[in-house]
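Remarks on the structure that follows.
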Amino acid sequence: MYSLKGKTLFITGAAGGIGAAVAREAYGRGANLILTDITQESVDTLANEFDASRVLPLALDVTDFEATQGVISKGVETFGHVDICFANAGISWRGDPATVFSCDPDEFRRIVDVDLFGVFYSVKACLPEIVRNSGFIMVTSSVYAFTNGMANAPYATSKAAVEQMTRSLRCELAGTGATAGVLYPGWVSTPIAKVAFGGHALATQMINTAFPAFMRQPISPEALAAKAVKGMEKRAFATLAPGFWSLFSWFRGPYAKLSDLVLGSNKKLHRLTRELEALNRK
Ligand SMILES: NC(=O)c1ccc[n+]([C@@H]2O[C@H](COP(=O)([O-])OP(=O)(O)OC[C@H]3O[C@@H](n4cnc5c(N)ncnc54)[C@H](O)[C@@H]3O)[C@@H](O)[C@H]2O)c1
């Protein structure tokens, strides 16, 4: 077991549902926290829950590599070391979901900038410290790394890409004492998932049509955080929650074929997809 006690944990997207829940769980296990998110106010609010000597709240846009390096330097100045990186910040569509055909290319790029390059920058900026301290990097991917991402392509593309990055990294780090792993949440009740749960009528209908009820049942950020922090303590390669997703991950080949077939042949989904594209054109 890799104890979190006295370790310094750098979190991106810390003010969000999963980031804040992981911060609370890890703090409870003795970690010092570098809390980062887009606004200083959001991380200050979270930091108020903790002992000031064990927390460093800083504004950070993860698409800015130099700023991310600056945050890690401040973390080292404050705590002496940074041991764990939780590269977690992520976004989805700003407005209506869209298809590859109907989306705005700038919006596709904006999502990939945060969900792929933002994760890469966070990991890259942390690596000197993580290697120096034989630490751990956990990257938040998603079950969308291996689930068909219809009407969510830039997100699913990025989540699959960060999984691949982390697999490469884990083998590249072998022998250094440091390592890396992937967190694959299913649906978690946080702002980013609202679109699928009534926040957008068409997207909700599409999700309800595409996935059986047991798959889209959201879990709480706290339940996810408990699993994520256990994954950090084990320095696990893969942490999936809810647990049934492990089965789908193990059987990715047949799951991918079956899901592509089911989604591609569902007439109601065809109709909803055309409606979504018509909405995008307006
Ligand atoms: N909620 C889910 O169902 C679910 C499922 C799978 C994966 N995830 C992933 O979990 C991670 C956390 O999401 P969440 O569910 O807590 O959503 P959330 O929207 O509550 O939190 C995301 C946080 O990231 C921050 N953020 C956005 N852009 C940023 C940027 N450029 N720089 C720094 N911070 C930025 C936001 O301000 C927000 O606080 C994301 O990577 C998301 O893709 C979520």
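The values are calculated or read from the model by the stated rules, or taken from the named source; none is laboratory data. What you see is a predicted model, and the numbers here were worked out from it, not measured in a lab. Cβ sites come from the backbone with ideal geometry, for glycine too, and all protein chains shown count toward neighbours. Each accessible area value is taken on the protein alone, full model and side chains, heavy atoms only, with ligands, DNA and RNA left out. Shrake-Rupley method; radii C 1.70, N 1.55, O 1.52, S 1.80 Å.
What the table shows:
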| read-out | value |
| --- | --- |
| Nearby aspartates and glutamates by direct alpha-carbon distance to Lys124 (threshold 14 angstrom, same-chain neighbours under 8 apart not counted) | Asp64, Glu66, Asp83, Glu172 |
| Long-range amide H partners of Leu33 with built H, under 5 Å | Leu9, Val55, Leu56 |
| Lys74 - accessible surface, heavy atoms, 1.4 Å probe, Å² rounded to 10 | 100 |
| Separation of the Ala226 and Glu77 label points, Cα + 7 Å toward Cβ, nm | 3.9 |
| R0 of 30 Å, Cβ-Cβ distance Phe197-Glu107: FRET efficiency to nearest 0.05 | 0.90 |
| Whole-Å distance, taken between Cα centres, linking region 177-191 and region 126-163 | 8 |
| Region 160-257, accessible area per residue, ligands and nucleic acids excluded (1.4 Å, Å²) | 47 |
| Glu172-Leu247 pseudo-label distance in nm [points 7 Å out on the Cα-to-Cβ vector] | 3.6 |
| Cα centre as origin, Lys/Arg/Asp/Glu Cβ charges: region 199-261 dipole, Debye | 200 |
| Listed residue (Gly95, Ala256, Thr204) projecting farthest to the positive dipole end of the chain, Cβ model | Ala256 |
| Accessible surface of the chain, 1.4 Å probe, proportion on carbon and sulfur as whole % | 58 |
| For the chain, Cys with no neighbouring Cys Cβ under 4.7 Å | Cys103, Cys171 |
| Computed over the chain: relative contact order in percent, which uses C-alpha pairs under 8 Å that are six or more apart | 19 |
| Test item: Cα-centred dipole of region 122-234, Lys/Arg +1 and Asp/Glu -1 on Cβ, debye | 60 |
| Total charge dipole magnitude, region 8-281, about the Cα centre, Cβ charges on Lys, Arg, Asp, Glu only, Debye to nearest 20 | 1120 |
| Solvent-accessible surface ranking, highest first, for Asp37, Asp115, Asp260 at 1.4 angstrom | Asp260, Asp37, Asp115 |
| Zero-based 5 Å bins, Cα pair distances in region 1-56, whole percents | 4, 23, 36, 24, 9, 3, 1 |
| For region 134-150, Karplus couplings with θ = phi - 60° (6.51, -1.76, 1.60), whole Hz, Gly/Pro x | 6, x, 9, 10, 10, 9, 7, 9, 5, 5, 5, 5, 9, 10, 4, x, 4 |
| The chain: radius of gyration and largest Cα-Cα distance (Dmax), Å | 18.8, 58 |
| Most to least accessible of Ile11, Ile38, Ile18, Ile192 (protein chains only, probe 1.4 Å) | Ile38, Ile192, Ile18, Ile11 |
| Rounded tilt (10° steps) of 221-234 against the dominant C-alpha axis of the chain | 50 |
| Among the listed pairs Lys230/Lys257; Lys7/Lys74; Lys194/Lys282; Lys257/Lys282; Lys194/Lys268; Lys5/Lys159, those beyond 25 Å (Cα-Cα) | Lys230/Lys257; Lys257/Lys282; Lys5/Lys159 |
